[in-house]
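Read-outs: derived from the displayed coordinates by stated rules, not from any lab. Bear in mind that the values here come from a model prediction, so they are computed numbers and not experimental data. Note that we place each Cβ from the backbone using ideal geometry, even for glycine, and neighbour counts take in every protein chain shown.
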Amino acid sequence: MNAIDVEDIHFSYPESDEILKGVTLSVKEKEFVSLVGQNGSGKTTLAKHFNGLLRPTKGKVHIFGEDAKNFSIAELSKKVGHLFQNPENQIFEETVFDEIAFGPRNLNLPQEEIEARIDKVLKTTRLSRYRDTHPLSLSGGEKQRLALASVVVMEPRILVLDEPTTGLDLLSINGILEVVKGLHKRNVTVILITHDMELVSELSERVVVMNNGQIIGDGKPNDIFADDELLKSASLESPQIMKFSKILGLKPEVKVDALYKRIIDTL
């Protein structure tokens, strides 16, 4: 079963030009897919259809085989977690604990289960010592981890990450990536929206390229980043490792370990 199926969806805000222009996309369960493209290409608009934040003006969205139109945003959020670019848009409680507890409490879970989930996610996101801290006193990276914790505690089967590392230092980025990689290993389907092609090359199994409200490329990272015409049409650049492999005269490669193996094989 696919985690996500969108069929010929169109979307327009009131009194605006069409933003999505007949997008069809399927994402397999447990996949790690990156959505890339310039600002205004439709990436975030498309992703907001996965959990009902937006509804198509035309076309269909199915989540795990079920029509999304039959479910509320709250119901879809149990299946699809969404981490927004600005964590402060998701933070509103007085303590880190209460912030993470908000979602599980709305599910009317038993208090023991709520406590167990929160303890687990606090450890996973390395926020245990901030349990009783006011969220607004946290650093940017800590706020992003808190926002992620608030999504992860709901135990979604799909996780959408919208520019999760923007504005963060290297230590904070590594902290976020450590959590995301762990979730993917536990069979969570991950959709990453980012302008960071190095991040895409490191994490993705598949890259979907958008431009002007349409999908113009869909394939494995090596194939996408080796297609100069595609990258040019989407105003994207290949990651540094791809450029480096070309300089060495090797077949283009986006994974460090795979490039290292190719180098060793040539010696």
Inverse mean reciprocal Cα-Cα distance (Kirkwood Rh) of the stretch 110-153, Å: 10.6 Å
At 4 °C and a viscosity of 1.567 mPa s, what translational diffusion coefficient does Stokes-Einstein give for the stretch 7-103, taking Rh as the Kirkwood radius over Cα pairs? Give it in µm²/s as a whole number. 86 µm²/s
Sequence order, the stretch 163-178: Karplus ³J(HN,Hα) from phi using 6.51 cos²θ - 1.76 cosθ + 1.60, θ = phi - 60°, Hz rounded, Gly and Pro as x, gives 6, x, 10, 4, x, 9, 7, 4, 5, 5, 4, 4, x, 5, 5, 4
Sorted by chain and number, the residues with a modelled amide H under 5 Å from that of Ala3, at a separation of 5 or more or across chains, are Val27, Lys28, Glu29
Of Ser235, Ser77, Ser128, the most mobile residue in a GNM of the chain (C-alpha springs, cutoff 10 Å) is Ser235
Between the alpha-carbon centers of the stretch 3-21 and the stretch 78-156, tell me the distance in whole angstrom. 31 Å
So, R0 is 41 Å and r is the distance between the beta-carbons of Ile216 and Asn174; what FRET efficiency does that work out to, to 0.05? 0.85
Compactness of the stretch 152-253 as Cα Rg over 2.2 N^0.38 Å, two decimals: 1.16
Over the chain, what is the relative contact order in percent, taking alpha-carbon pairs closer than 8 angstrom and at least six residues apart? 23 percent
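For the stretch 150-267, calculate the relative contact order in percent as a whole number, restricting contacts to Cα pairs under 8 Å that are 6 or more residues apart.
Numbers: 112 pairs, mean separation 20.6, N = 118.
Computed value for the stretch 150-267: 17 percent relative contact order.
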Test of understanding: in a Gaussian network model of the chain with alpha carbons linked when under 10 Å, which of Asp162, Asp218, Asp132 would top the mean-square fluctuation ranking? Asp132
GNM on the chain, C-alpha springs below 10 Å: top fluctuator among Glu15, Glu142, Glu115? Glu15
Using the Cα gyration tensor of the chain, with a ≥ b ≥ c the square roots of its eigenvalues, what is the shape: rounded (a/c below 1.5), prolate (a/b larger than b/c) or oblate (neither)? oblate
What ratio of Cα Rg to 2.2 N^0.38 Å holds for the stretch 79-154? 0.98
For n ≥ 4 DSSP H runs only, could you compute -39500 (n - 2.57) per run for the chain, divide by its residues and tell me the 222 nm figure to the nearest 500? -10500 deg cm²/dmol
Taking the simple approach of a point 7 Å from Cα along Cα-to-Cβ for both Lys21 and Asn187, what is their distance in nm? 4.0 nm
With respect to the cross-link table entries Lys69/Lys120; Lys123/Lys220; Lys30/Lys243; Lys21/Lys120; Lys79/Lys251; Lys58/Lys246, which display a Cα-Cα separation exceeding 31 Å? Lys69/Lys120; Lys123/Lys220; Lys21/Lys120; Lys79/Lys251; Lys58/Lys246
